[in-house]
8 protein chains.
Amino acid sequence: MLKVYLSGEIHTDWRDRIVAGAEGLDVRFDGPVTDHAASDDCGAAILGAEESRFWHDRKGAGLNAIRTRRGIEGADVVVVRFGDKYKQWNAAFDAGQAAALGKSLIVLHGPEHQHALKEVDAAALAVAETPEQVVQMLRYVLTGALPETRADA
Amino acid sequence: MLKVYLSGEIHTDWRDRIVAGAEGLDVRFDGPVTDHAASDDCGAAILGAEESRFWHDRKGAGLNAIRTRRGIEGADVVVVRFGDKYKQWNAAFDAGQAAALGKSLIVLHGPEHQHALKEVDAAALAVAETPEQVVQMLRYVLTGALPETRADA
Amino acid sequence: MLKVYLSGEIHTDWRDRIVAGAEGLDVRFDGPVTDHAASDDCGAAILGAEESRFWHDRKGAGLNAIRTRRGIEGADVVVVRFGDKYKQWNAAFDAGQAAALGKSLIVLHGPEHQHALKEVDAAALAVAETPEQVVQMLRYVLTGALPETRADA
Amino acid sequence: MLKVYLSGEIHTDWRDRIVAGAEGLDVRFDGPVTDHAASDDCGAAILGAEESRFWHDRKGAGLNAIRTRRGIEGADVVVVRFGDKYKQWNAAFDAGQAAALGKSLIVLHGPEHQHALKEVDAAALAVAETPEQVVQMLRYVLTGALPETRADA
Amino acid sequence: MLKVYLSGEIHTDWRDRIVAGAEGLDVRFDGPVTDHAASDDCGAAILGAEESRFWHDRKGAGLNAIRTRRGIEGADVVVVRFGDKYKQWNAAFDAGQAAALGKSLIVLHGPEHQHALKEVDAAALAVAETPEQVVQMLRYVLTGALPETRADA
Amino acid sequence: MLKVYLSGEIHTDWRDRIVAGAEGLDVRFDGPVTDHAASDDCGAAILGAEESRFWHDRKGAGLNAIRTRRGIEGADVVVVRFGDKYKQWNAAFDAGQAAALGKSLIVLHGPEHQHALKEVDAAALAVAETPEQVVQMLRYVLTGALPETRADA
Amino acid sequence: MLKVYLSGEIHTDWRDRIVAGAEGLDVRFDGPVTDHAASDDCGAAILGAEESRFWHDRKGAGLNAIRTRRGIEGADVVVVRFGDKYKQWNAAFDAGQAAALGKSLIVLHGPEHQHALKEVDAAALAVAETPEQVVQMLRYVLTGALPETRADA
Amino acid sequence: MLKVYLSGEIHTDWRDRIVAGAEGLDVRFDGPVTDHAASDDCGAAILGAEESRFWHDRKGAGLNAIRTRRGIEGADVVVVRFGDKYKQWNAAFDAGQAAALGKSLIVLHGPEHQHALKEVDAAALAVAETPEQVVQMLRYVLTGALPETRADA
């Protein structure tokens, strides 16, 4: 079984598309909590409110790190998606952790981010533009099968 | 499955409350032998009596370390509980091992110990006051669900 | 000697202010090449031009990684600065590597980035707003001396 | 050169007695900041005051951890002293880190703490009662010389 | 279960002979994609064509490395086969990775390559000439049984 | 499940007594090939005869190391038994590997070997004299139960 | 100081050209014994002749591995050169070790070997064709200076 | 500088012969305390007498382990000498630690011990019979020079 952690952008359906596309493959997916509000407030909601936003965020980030750390450390492949909005520093932070831990890193982003992501891309084993390419790579890695419609055809 | 090691204080029912609260979650709990007398005497009871109390304790501590070391090293999350009585240096020692091994550390103690535990708390991803908060965190980490009654409500 | 790697933003004088402020302390500083043009073009300038911007960037990023990896792995403390411009994903990537390698991480940024950097901050041992605070921390870590003008005075 | 980290109790002169006794030996000593007030307030003094005592302590503990982590990770031998007062959980926490990192651990405490420290002692290579014994051990480890006045004479 | 990675030459049936011979043993085999064309073109077929052959190869090699890295890191035993044709530098590269990761290495080659492979052989726990010898070794390692027809008979 | 590797002496029934005694416990045992002749000759029997006894032994030792290395690295607990005959340097060598890998080490030997084994014993978490004591320790570690007939009664 | 290990081909003057070109830079070079005959015969010359060429080679390879292992493990950067002759499997083996140990890998070879070395190149941070390019990279990594005559000019 | 740890037998002058022979080479030697009585009694002499010989030995072994552990972990090469007398299990134990830590291991013993030491020898990079051969190997590893009088001449 291939363990794949899906890190990064949480506002589009890229995770769903990968999970659906990989149906039938021997893959187990994991990823962060993708409910933005829950992810932001989890610390305070469980451990109590903070007056300062900084410590409110710290509590939540600590709690989310329990999930993230376990997910990345347990993964064979870490896919990190960079979208169009927000700073997404946590995505790049996850990518740095994955690289330092020797995980196989796949980066997923549009061509407009190529220059800004060059250090992250250089640490990756593959750079994809679409979730479908990620699925095709997982299929190839597990079965050796290339896609029927080849990108270089 | 999330592997959780419950370390520290053995005189209240905090472990039972966490285990009961986590029913239905994909968690496996582990922890030390909580029978105080057995834990103190195990070395001598199996390997023979010692005249010196120091070596009596050494034999028992060695034997208990087989269980503790395996439990902490195999855990995703280590919860360390500090109670009201005794020195509890073994709890802090376990926390130090967990931190050095890169385990996700949750510390559980009342507010009266905040200053004395500041170094341990700073190494933790979360500091809780009640076993129920630990359960809520495990549930959030595994499912993304926040508690119905929020602490910041 | 304390080995400190200064990662991140390269358009303001924050590195100079830290190095100047730390004069007399037993610290050795390291950091990336801060000449933006050289950093972007180093790969092509030495190994040959690429038609594709993507591979141009890859060559440069590979070469810069030789310096970065050595700097971070050899450091006791990694300071990562986030400025006002650009995506700065490489800064967050460095922070992720530093965290995974168990380095002492200090993050340096203005309050406007607190929410976006909450995961990175939560992995840090200190979050500073000014280079002078970084200097004061290095002095404290090495000598135990607090600043004459205390921030909590 | 033998690198020795002196962790734990900061209210008696045990560190001075070890350093003085080891004069002439090829040893480099390191340890935490032993000015109690500075150690407690360093975070707030540099990074700004906190209303909550919990976060005040967190800031200070993070900053002190930069020094502690480097000291323990760089040591060949970690000596941890437990005194008569306070909870001293940070001492036991340091001992746990040292043990998990495979450092040679020496524990220093009076006989009244033997039972409470049995897990820590069992992880140590030596348990001493006086600073002078620590000096004698360092001398023996470096030179092979036994003390002129033997404890078993 | 013994996890065995079969690395190297892909133009003869040595893998099939080992897998068939090991039927009934508690072994799980893994290895690279052995369809030469798919292995060469996978990167471009999924991620898009490259004008330069060098970057065409890079894309494919990155993708194949996801499979190889996971296979070698997850293995108990890495068998590396050197055949008669081609440079086979990737086989020796895999052997180097396996050795550095502390895997049990078995090298499989004809006597004509003994001198050229002396560094690789010296890092191996066994050097075999036939796939059948590999099967016999796997059987011995798992069951203690020697072959009915002994090579030293 | 507790994974236990039984290393060392192969001429008495100590392994059988431990395995039988541990029936019903969640333990998986592993160990070397205990057929002395097969263990000595396995290399030559599979890979071909050697004129020199030194290289005959080398071939066999390499092959046995595949099994030993996997067994020790996969174990939670390594039990090493020293008997009355032979040099048994391989037993002490296994113990050294187990210690360096951070495995829980139990040493099993009669009192006549105490002085000669003092370095090995000092690296162990327990030193037993009989296989039955090993069984009692495994039971205690897994269930917390002490033996009905206590050694210190 | 940058520690650079120069591995691989020993029949041309590429090492000399790199060492000479790097004069004045803070670099320490290391590499294998480049006297081919001494390297082949060292084992037998010191430890005694072997009738079998296989064991003659084994003795020499073991002895050379003492130097190689230390050189690669102690290096920041490992440069591996592939020339025109021989199998050079030891070069690829060194590259595999360097990659698995997380060393910064630079591969040096002519364009005719690009396809055969694609797996090795993909694990490298830079692929050069001339020793002078290696020197320019070392200078850039250490000083940030680009070559006066740029390859992309 | 090559760091060499000389482990094992302490009753002949083999260490002196190696140290003398290596004069002029860039080698730093380390080893255990070779005063047998001091080595046996160091624990009790410093930490106090024990009634039981077993705990007397334990105290000494713990103290000696501080020196041994540091010596082996800091070494590039570990030479382990097996002599004619005693069980020498500590020598084999040191060899096991060195092997598991990835140190370059050289074993030194007479031909009469070849069979008993086959597992240890198989983990070594070289097996020598005389201290002079060890010196010649150190010289070759550091300088590439073969002995004037070759063993295979």
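Projecting the alpha carbon convex hull of the protein assembly as shown along each direction and taking the average yields 44.8 nm². About its Cα centre, the dipole of chain G is roughly 380 debye, where the only charges are +1 on Lys and Arg Cβ and -1 on Asp and Glu Cβ. Between F:R28 and F:L2, F:K3, F:V4, the built amide H atoms are under 5 Å apart, and every one of these is 5 or more places off in sequence or on another chain. Structural descriptor for region F:1-74: relative contact order 32 percent, calculated from alpha carbon pairs under 8 angstrom and at least 6 residues apart. Helix D:36-47 and the longest principal axis of the Cα set of chain D meet at an angle near 40°. The dipole here belongs to region H:64-153: it is taken about the Cα centre, uses +1 on the Cβ of Lys and Arg and -1 on the Cβ of Asp and Glu, and is about 380 debye. The calculated 222 nm mean residue ellipticity attributable to helices in the protein assembly as shown amounts to -14500 deg cm²/dmol, summing -39500 (n - 2.57) over DSSP H runs of n ≥ 4 and dividing by all residues. Using only atoms on other chains, find how many Cβ atoms lie within 10 Å of each Cβ of peptide H:76-85 and report the average. The mean count of partner-chain Cβ atoms within 10 Å per residue comes to 1. Principal-axis analysis of the Cα atoms of chain B puts helix B:53-73 at an angle of about 30° to the longest axis.
Counting partner chain Cβ atoms within 10 Å of every residue's Cβ in B:46-59, what's the average? If you can, show how the numbers build up before the last one.
Values: counts 15, 10, 6, 4, 4, 2, 5, 4, 8, 5, 4, 8, 7, 6.
Mean number of neighbouring Cβ atoms from other chains: 6.
Grab the beta carbon distance between C:A37 and H:T143, set R0 = 51 Å, and tell me the FRET efficiency rounded to 0.05. With a Förster radius of 51 Å, E is 0.70.
Based on the Cβ-Cβ distance of C:R150 and C:H11, what FRET efficiency does E = 1/(1 + (r/R0)^6) give at R0 = 30 Å, to the nearest 0.05? Let's see the in-between values first.
On the way: r = 31 Å, r/R0 = 1.02.
Here the calculated transfer efficiency is 0.45.
In sequence order, region H:138-153 has phi-based couplings of 4, 5, 5, 4, 8, 10, x, 7, 8, x, 4, 9, 7, 6, 9, 6 Hz under the Karplus curve 6.51 cos²θ - 1.76 cosθ + 1.60, θ = phi - 60°, and Gly or Pro positions carry x.
Looking at the calculated P(r) for region H:68-153, what percent of the C-alpha pair distances fall above 16 Å? Here the long-distance tail beyond 16 Å is 54 percent of all Cα pairs in region H:68-153. Taking amide H positions as modeled 1.01 Å from N, with prolines and chain starts lacking one, the residues under 5 Å from H:A151 and 5 or more places away or on another chain are G:I46, G:G48.
Percent relative contact order of region G:33-153, based on C-alpha pairs within less than 8 angstrom and at least six residues apart? Walk me through the numbers before you get to the answer.
Working: 117 pairs, mean separation 19.1, N = 121.
16 percent.
Relative to the first principal axis of the alpha-carbon coordinates of chain D, what is the inclination of helix D:89-100, with its axis defined by its Cα atoms, in degrees from 0 to 90 and to the nearest 10? The angle comes out near 60 degrees. Per-residue 3J(HN,Hα) values for region D:16-22, derived from phi via the Karplus relation 6.51 cos²θ - 1.76 cosθ + 1.60 with θ = phi - 60°, read 4, 5, 5, 5, 5, x, 8 Hz in sequence order (x marks Gly and Pro).
Considering only DSSP beta bridges with both partners in the protein assembly as shown, what is the antiparallel share in %, to the nearest 5?
Working: 0 of 136 bridges.
Close to 0 percent.
G:E129 sits with roughly 100 Å² accessible to a 1.4 Å probe, with DNA, RNA and ligands left out of the calculation.
Chain F comes nearest to the axis taking it onto chain D at the Cβ of one residue; that residue and its distance, in whole Å, are F:G102, 4.
For the options E:F93, E:F29, E:F54, a Gaussian network treatment of chain E with springs between C-alpha atoms closer than 10 Å singles out E:F54 as fluctuating the most.
Here the translational diffusion coefficient of region H:6-144 follows from Stokes-Einstein with Rh set to the Kirkwood radius across Cα pairs; for 20 °C and 1.002 mPa s it amounts to 135 µm²/s. Among the listed pairs B:K118/C:K118; G:K3/H:K118; F:K103/H:K3, those whose Cα-Cα separation exceeds 31 Å are G:K3/H:K118. For the peptide G:104-112, the mean number of other protein chain Cβ atoms found within 10 angstrom of a residue's Cβ is 2.
Highest average first, the peptides B:139-146, H:16-23, D:37-44 ordered by how many other beta carbon atoms sit within 10 Å of their residues are D:37-44, B:139-146, H:16-23. Placing pseudo-labels 7 Å out from each Cα toward the beta carbon at H:T130 and F:T130 gives an inter-label distance of 5.3 nm.
Computed from backbone phi with θ = phi - 60° and the Karplus coefficients 6.51, -1.76 and 1.60, the 3J(HN,Hα) list for region B:111-126 is x, 5, 9, 4, 5, 5, 9, 4, 5, 5, 4, 5, 8, 9, 8, 7 Hz; x is used for glycine and proline.
The values are calculated or read from the model by the stated rules, or taken from the named source; none is laboratory data. Remember, predicted model here, so these are calculated numbers, not experimental data. Positions of Cβ are backbone-derived with ideal geometry, glycine not excepted, and every protein chain shown enters the neighbour counts. To get the accessible areas, we keep the full protein, side chains included, count just its heavy atoms, and leave off ligands, DNA and RNA. Shrake-Rupley method; radii C 1.70, N 1.55, O 1.52, S 1.80 Å.
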